[in-house]
Amino acid sequence: MTSAPLFRKLALIGFGLIGGSIARGAKALGLAGEIVATARSPQTRARVQELGIVDRVVESNAEAVDGADLVILCIPVGACGPVAQEIAPHLAPGAIVSDVGSVKGAVLKAMAPYLPEGVHFVPAHPVAGTENSGPDSGFAELFVNRWCILTPPEGANADAVDKLGAFWRGLGANVEVMTADHHDLVLAVTSHLPHLIAYTIVSTAEELEGVTQSEVLKFSAGGFRDFTRIAASDPTMWRDVFLTNKDAVLEMLGEFQEDLSKLTRAIRRGDGDALFEHFSRTRAIRRGIVQIGQDDAAADFGRRPKQLGAKAE
Ligand code: NAP
């Protein structure tokens with residue numbers, strides 16, 4: 001990279017899937033002059049040191065943010081308030097402070113009261129992830145062609161919003177700006193509700209009587225295994241999502257229950273037309289996602305079948 005880095009010093013607080021992916025991408029693309037990282041546990045800090053991705057690993061959040069012009073909290077939503085309180089006295093004037101939390105209203109409420117005048121707070125949510133977590137799980141390409149939603153509070157500094165947007169675009173993301181409340185409503189239906197459904201189905205299957213656990217696992221390619229990927233997501237992160245986006249999730253859950261009742265009724269009455277019409281509409285949504293490049297057109301998420309003649313496991 002030949003052009004000047006966007007930021008002089010990037011401080012990453014938390015180094016799991018998201019923090020680690022930002023670090024890898026920012027390093028590869030030269031988006032920051034220096035990248036300093038810290039994490040809560042000595043084990044994670046030691047692992048980050050071993051990985052050798054960032055320029056410095058430091059012991060404390062205060063040391064990490066010292067002199068940084070971009071600070072990103074890459075930690076569970078519920079931890080953002082206390083960490084904001086801790087770093088507030090150490091932030092450099094003019095610094096941009098952001099986060100990557102999957103819920104935005106609660107983060108805004110928890111962090112904003114602690115951040116001093118002259119520091120620009122621009123919350124963000126990269127809508128990209130996997131079911132893996134921890135310092136080894138990140139990769140530089142995670143954000144490429146994914147969306148990053150910025151939710152600046154009213155009256156936020158426009159230059160700071162633009163600069164953070166440029167950083168995320170640099171990582172390959174598309175950037176959109178919206179209010180925190182709208183973000184939470186949209187994500188309740190596109191992310192939080194699907195996770196809740198996956199968590200429910202997987203535990204329902206686990207507790208079934210009349211079908212053995214080994215049958216559930218053996219015949220999982222019938223659909224179940226795709227839910228298990230989502231239901232394997234980090235329990236701390238998802239506990240915090242449901243605790244902090246309660247209202248929007250309950251609203252979407254109400255809509256979902258109504259639709260589920262309609263389908264239940266159609267099945268009970270043997271109403272094939274209603275079922276067919278419903279499934280045709282949902283098929284069109286899948287095609288729309290592929291059309292706008294948010295997933296691959298390849299069947300079964302691009303999983304390749306075993307070669308003909310290969311020995312079954
Ligand atoms: P992760 O891989 O589990 O990493 C979490 C990091 O936060 C670790 O470095 C952990 O430190 C640190 N941490 C945990 N609890 C903490 C606490 N109470 N105080 C301070 N640090 C703490 O998680 P992640 O998937 O990167 O998620 C981080 C954030 O990104 C969450 O807010 C999540 O909502 C958001 N997000 C996640 C995804 C996704 O798909 N995973 C997608 C978009 C946004 P130790 O390792 O030392 O414990």
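Of note:
- Flag if R47 is basic (K, R), touching a residue at least 40 places away in the same chain (Cβ under 8 Å) and over 18 Å from F167 (Cα atoms): yes
- Top-ranked residue of the range 131-164 - restricted to ones that are of a type in the set (V, I, T) and in contact with a helix residue (DSSP H, G or I) (Cβ under 9 Å, 6 or more places away or on another chain), ranked as nearest to the ligand (Cβ to nearest atom): I149
- Residues in the range 100-132 that are within 18 Å of C80 (Cα to Cα) and among the hydroxyl-bearing types (S, T, Y): S102, Y114.
- Within the range 50-66, none of the residues are under 14 Å from F167 (Cα atoms) and in contact with a Leu (Cβ under 8 Å, 6 or more places away or on another chain).
- Apart from one condition, A124 fits all of (1) surrounded by fewer than 22 Cβ atoms within 10 Å (Cβ to Cβ); (2) within 15 Å of the ligand (Cβ to nearest atom); the exception is (1).
- I13 assigned by TED's automatic domain parsing to the domain that holds L70 and buried (at least 23 other Cβ atoms within 10 Å of the Cβ): yes
- Test: residue in the range 229-244 that is out of contact with any strand residue (DSSP E or B) (no Cβ under 6 Å at 6 or more places or on another chain), among the basic types (K, R), at pLDDT 95 or above and under 27 Å from E206 (Cα atoms): yes
- Listed by position, the helices (runs of 4 or more DSSP H) enclosed by the range 153-240 that each have at least 2 residues that are touching a residue at least 60 places away in the same chain (Cβ under 8 Å) and either surrounded by fewer than 16 Cβ atoms within 10 Å (Cβ to Cβ) or not assigned by TED's automatic domain parsing to the domain that holds A128 (or both) are 180-187, 224-231.
- Screening the candidates V202, V216 for the property of being closer than 22 Å to T130 by Cβ, out of contact with any strand residue (DSSP E or B) (no Cβ under 9 Å at 6 or more places or on another chain) and hydrophobic (A, V, I, L, M, F, W, C) yields one hit, V202.
The values are calculated or read from the model by the stated rules, or taken from the named source; none is laboratory data. Because the structure is predicted, anything quoted here is derived from the model rather than measured. Cβ coordinates were reconstructed from backbone atoms using ideal geometry, including for glycine residues, and neighbour counts include every protein chain displayed.
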